[in-house]
Every structure is written in C-alpha cells, then in structure tokens.
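Working notes for the structure below.
The values are calculated or read from the model by the stated rules, or taken from the named source; none is laboratory data. This structure is a prediction, so every number in the text was calculated from the model and none was measured. Here the Cβ positions follow ideal geometry from the backbone for every residue, glycine too, while neighbour counts run over all protein chains shown. These accessible areas exclude ligands, DNA and RNA; they are computed on the full protein's heavy atoms, side chains included. Shrake-Rupley method; radii C 1.70, N 1.55, O 1.52, S 1.80 Å.
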Amino acid sequence: MAEKDDYLLDLLVDLGFTSADQVASARAECAGAGVVDYLVANQLIRAADVTQAKAAQFGAEVVHLAGMKIEDAIIAIIPRHIAKKYRVVPVFKSEHKVAVAIADPSDLDTIDSLTHLLGSEIELRVAAEADIEAALNKYYGGEKKGLADGAFKDVIQELTEADVQVVAGAGDDGGEVDADAPLIRLVNQIIVDAFKLRASDIHLEPLEKKFRLRYRIDGVMQEMKSPPKRLQPSIIARLKIQANMVISEHRVPQDGRIQTQVGTKLIDLRVSCLPTNHGESIVMRILDKEGLKLGLPELGFFTDDQATFERLIAMPDGILLVTGPTGSGKTTTLYSCLHYINRPDKKIITVEDPVEYVLAGINQVQVSEHVGLSFATALRAILRQAPNVVMIGEIRDIETASIAINASLTGHLVFSTLHTNDAPGAVARLVDIGVKPFLVASSTRCLMAQRLVRKICKKCTEPYVPTDSELRALGITGDQLKGATVMKGRGCANCNNTGNRGRFGVFEIFVIDDEARKLIYDQAPTSVLRARAREMGMRTLREDGIRKILTGMTTPEEVIRSTVGDE
C-alpha cells in the first residue's frame, strides 16, 4: 500500500493538488502509513482531488454517480453480491465492453475477477469511494418494497419467493445472493408460481409491446400476468447470470442450468436462451429431482398392458425402445421401468443428458460433450462396469445405436428412446440411422409409442355426453357407449378451472415375435409391420385412448388432440 501511496502522492504533487512540503510533513505525522488518508482527513487535499489523480494515473475518466441515472438493465449486468464484494457499479454497456465505476483503478485482482465473471472486457471509470457507497445502496440496497410486491400473488399460498434459494456453485459465482433485492424477488416469484402450479416449463417471450410470461401446465400453455416490459433486459440478464451464460452475448443461442431449492424441494431449471427480433426468449424446463415416485400403474397402463410390459422389462437381454415426440413422457416411462426392476441383485447404469431425476441405487452418468464425454464414449465405458441393465437417454446416431445393439446381443437389457410417431416406425428410424436390419431384428424385444393426455380432475368430475362430431372423429359406436362412464371436469380451484389435473399415458405396444423379426430382416415397409402388429393384438394410441375415455379417465377432446386417426 505504501508504494501505491508514494506513486499517488507524486501524482498529486505534479497535478498541483498539494506540495512536497505538505507531503513530507504529513509523512512525519503519520509515520509513513496512510499519508493520502491523513491529507484528506485534515482537509489538506479534497477527496475529489484524490479521485482525479487516480483517474489520471490510469488514463481513466472520472464519473459522478450521484448525478447519473443508471438503467435497470445496466445494473442487472452485475449481481448485487458481486457489486458489493468488489465495490463496483456498472455505468453503461457497449457491444463488447462493460464500463464500471471503481474507487481504486489499481486493484488489478478486482478487474481480472470482473472480466472473468462477466465474460466481457472491462472499461474503467473512477468514482469517489463515498459515491460508490451511495450508488451501491441506491441500486442494490435491500429495500423491502419493490417490483415483486403485489405481482403474481393470485395463486396458492404455501410457498413464497423467499422459499427459493439458488444453490451455491450453480450460478452467481457461488456468492451470497440478496433475496430482498426487488428484481431477484420478482424472478424468484416467477419460479415459485410455476412450481406451485405444477408447470413443466416457464416461457419468457419478448414481444413488441409486452414481455409475455407463460407456463406449460399439464402439456398446455397458459398465459400469466406479464412482468413490465421495461424490466425485460433486467430479468433476462438475471437469469443468464444464474444459468452461467455469457450475459454480453445477445446474438447466438445459449444453454445453461440453474439448480435451486424451492421450499424443501431441490429442482433443476434447464435454461435455453434464443435471440428473437424483440429480444432474447428464455425457456426454463423444470426438473423436480425428487419428484419421481411413479410405479407402472400411475403411468396409465391398464392391467393387460401392464402385465405385458412387466413381462418385457423383466427379460434378461434385448432392447426396449420407447418412442414419441418431445414432451410425451418417454423419460418418465423409462425411469419407472428402472424403478420397477431396481433390486440389489441387478446393476443398473444410465447415460443421460441431462440426469433429470435422481434414483437411489442406480449409477447415473451425465453426458458432457465439452469434455468429450458423449453418449457413445460413456456407453463404451459403462459396459466395462459389467451392468445388467443399461438405460440410454436417447439413441441419436449410428455410433450410439451400434454400441447399444451390441450390448443387447451380449447379455444386457437396454432401454432407450427414439423420436418417431408410432411404434413400428422405430424400425425404419434405426435403419435410417445406419443400423443393419438383421441387427434390429435380432436385438429388439419391444417397441412402444406413447402420448400424454390430461386426467379429469377428481374433485369436479361429472358425467358428459360426447358430441356427434367427437363420436365420429373417434369412431365410437352406440354399442361402445352402453355401460360406459364418459366424464368431464367442470372446473374448480383444485384444477385452476381447467377441468383437468395431471397427465397419464396412452400406449401402443408392439411386441416383436419371430414373424415380425423376419419382416424386419426382409426390410418390409412400416405399413406391413404395422399390419402385423395389429394382427398380434396391438392397440393403436387412439384405441387405447378410447378405452380410457369410456372408463372416465380422460375426455374425448384430449384423445383427439393427442392422437391421430387410424388408417
């Protein structure tokens, strides 16, 4: 510190703010330590003079924070705990730089840390220590009233925004976060409300004149009260910081993750940021790591299908593929299968991207492409761990598919998913990826397609008479309606007046027998495979849905929406 003071004292003398005699006298009075502070305390020089000298020393500009109005979007660039820790205030931002006001521009450690934390070049501005302190209190203070007061309060009251805690290390550089900061409380409230309403996704979408907030609840998008448009940059910046994204990058998509605790629940938020013409759109997938407590009956299987499926997943080897579009519950089905067969005498390993739920007694591997741990690499490694059962999050390429098939042929039971529209279509998809038809035929035990439909709310269910158009669309006959209990939800507080609460699956199960294997080996078209599956008794997705309509589990509208008509 003495060397810094010497350099600064020389500069103060050169700039005419003090004299060499005053410096010598002050040095004698304070025994050579804190000479600058002594001069200021005794009003021999002004604090503003010291600020000017520090700025001149580093060729920086002096800023007077008290006379500036700094926008919320700029303040949001640096989280409160970082600003307080390093005693800095952001003042403006350009495309590649962030300008920050700092009292001591010679503090290279602080400047290096900020450059790393913000992922951006730092441009220095110098301000008086008192100005920095006042600005920190003004812009980052812990006021109890703020933006979140009165917002998003019209829901169940078990949790509040104070119940949200970002887990250290998952974002914000692991530092302490002030949950009282108004912007932070607003962002936390958005997460809490989504969790209370059982949303699977949070969508923050910048439109021309509004910043739209929507939750996906039971597979259906529902619009909520939107945050003020003026807070759009601040909210996006806050979420990007939490998700360890580069906040100065606005031109390319980014992905990140926030691990947070809501009440006693530990959840992951998988965050996607996409540039649009009115700003960056944020989508957060909510993954409740402790929320999977499903058995096979809860998935929506009828007794006959459940017996078939239990027999298939108890086989010692082979591949079982679950197919369907994104969001159709494939991963949940696979987890339920693993939960069903998870016993001390079986070693089960999964390869996932990401690990969505934590299962006790199962070895789960997180794919990490940036360190070279791909699905294929991880799969090769885990086969040397001698597992009985392997679950692969998704078969995406020929390399992963080949290793999975070889594993199934060497005594492993393999579970995985594919993106296809129906069960027989999975064969064509594997062949299209590059797998030889004879390998598909010899390794595959079962192909299952699924969709999710909403359950009728149990608290407001009532009898319902389907319309003629619904009966025609579904092909339901008068005979089928005899003795049936078609129901529909009236709408109540329990289901947020939608008439539905929760979801379950409708399934299409194609068990591969010897004749089907021959058709696969001969590269028969999907239509022929489908005909064979129907001959064996496979119910289509729509037929399974109709069974569940007639027993009062779901509505005709839901099945029509989620499935296509049979050819």
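Before moving on, here are some points about what is shown:
- Taking amide hydrogens as placed 1.01 Å from N in the peptide plane, the amide H of Met224 sits under 5 Å from those of Leu213, Arg214, Tyr215, each at least 5 positions away in sequence or on another chain.
- Rounded to the nearest 20 debye, dipole of the stretch 345-501 from Cβ charges on Lys, Arg, Asp, Glu: 560 debye
- The stretch 223-268 shape via C-alpha gyration tensor axes, a/c threshold 1.5: oblate
- Derived scalar couplings between HN and Hα for the stretch 452-463 equal 10, 10, 7, 7, 6, 4, 5, 8, 9, 5, 8, x Hz in order, rounded to whole Hz, by the Karplus curve 6.51 cos²θ - 1.76 cosθ + 1.60 (θ = phi - 60°), x for Gly and Pro.
- J(HN,Hα) series, the stretch 244-252, from Karplus relation 6.51 cos²θ - 1.76 cosθ + 1.60, nearest Hz, glycine and proline x: 6, 8, 7, 6, 7, 9, 10, 9, 10
- The stretch 252-278 and the stretch 461-478 have Cα centres lying 41 Å from one another.
- Orphan Cys of the chain, criterion: no other Cys C-beta under 4.7 Å: Cys30, Cys273, Cys337, Cys446
- Residues in the stretch 222-372 average 43 Å² of solvent-accessible surface per residue, probe 1.4 Å, ligands and nucleic acids excluded.
- Projected onto its three principal axes, the C-alpha set of the stretch 53-92 covers 29, 22, 14 Å, listed from the longest axis down.
- When Rg and the Kirkwood Rh are both derived from Cα coordinates, the Rg/Rh ratio for the stretch 203-295 amounts to 0.99.
- Note that the stretch 422-567 carries a Kirkwood radius of 16.8 Å, evaluated over its alpha carbons pair by pair.
- Of Val88, Phe211, Ile286, farthest towards positive along the dipole that unit charges on Lys, Arg, Asp, Glu beta carbons give the chain: Ile286
- Between the stretch 387-428 and the stretch 313-382, the alpha-carbon center distance in angstrom: 11 Å
- Structure-based [θ]222 nm, the chain - -39500 (n - 2.57) summed over DSSP H runs of at least 4, per residue, nearest 500: -10500 deg cm²/dmol
- Taking max minus min of the alpha-carbon positions on each principal axis, the chain gives extents of 107, 55, 43 Å, largest first.
- Per residue accessible area of the stretch 478-556, 1.4 Å probe, in Å²: 47 Å²
- Taking N as the residue count of the stretch 503-542, its C-alpha radius of gyration divided by 2.2 N^0.38 Å amounts to 1.27.
- Filtered trypsin sites (Lys or Arg not before Pro), the stretch 375-411: DSSP coil and at most 12 other beta carbons within 10 Å: Arg384
- Here the stretch 23-105 has an Rg and Dmax of 16.2, 49 Å, counting Cα atoms alone.
- Here the Karplus curve 6.51 cos²θ - 1.76 cosθ + 1.60, taken at θ = phi - 60°, turns the phi angles of the stretch 530-541 into couplings of 5, 4, 5, 4, 5, 4, 7, x, 5, 8, 6, 4 Hz, with x standing for Gly and Pro.
- The stretch 509-567 versus the stretch 74-114: alpha-carbon centroid distance in Å: 60 Å
- Within the accessible area of the stretch 481-535 (1.4 Å probe), percent carbon and sulfur: 47 percent
- Long-range HN-HN contacts of Met487 with modeled amide H, under 5 Å: Tyr464, Gly552
- P(r) weight above 18 Å for the stretch 387-499, C-alpha pairs, percent: 65 percent
- Dimensionless Rg ratio for the stretch 462-508, taking C-alpha atoms and the 2.2 N^0.38 Å reference: 1.38
- Between the listed residues Asn497, Leu519, Thr461, the Cα displaced farthest toward the positive end of the dipole of the stretch 443-560, a dipole computed from Cβ unit charges relative to the Cα centre, is found at Asn497.
- Solvent-accessible area, 1.4 Å probe, carbon plus sulfur percent, for the stretch 197-282: 52 percent
- Entry note, the stretch 453-521: relative contact order of 43 percent, from Cα contacts under 8 Å with a spacing of 6+ residues.
- Electrostatic dipole magnitude of the chain [Cβ: Lys, Arg +1; Asp, Glu -1; Cα centre; debye, to 20]: 2460 debye
- Each of Ile341 and Ser106 was given a label point 7 Å from its Cα along the Cα-to-Cβ line. The distance between the two points is 6.9 nm.
- Amide hydrogen neighbours beyond the local backbone of Leu373, cut-off 5 Å, H modeled: Ser368
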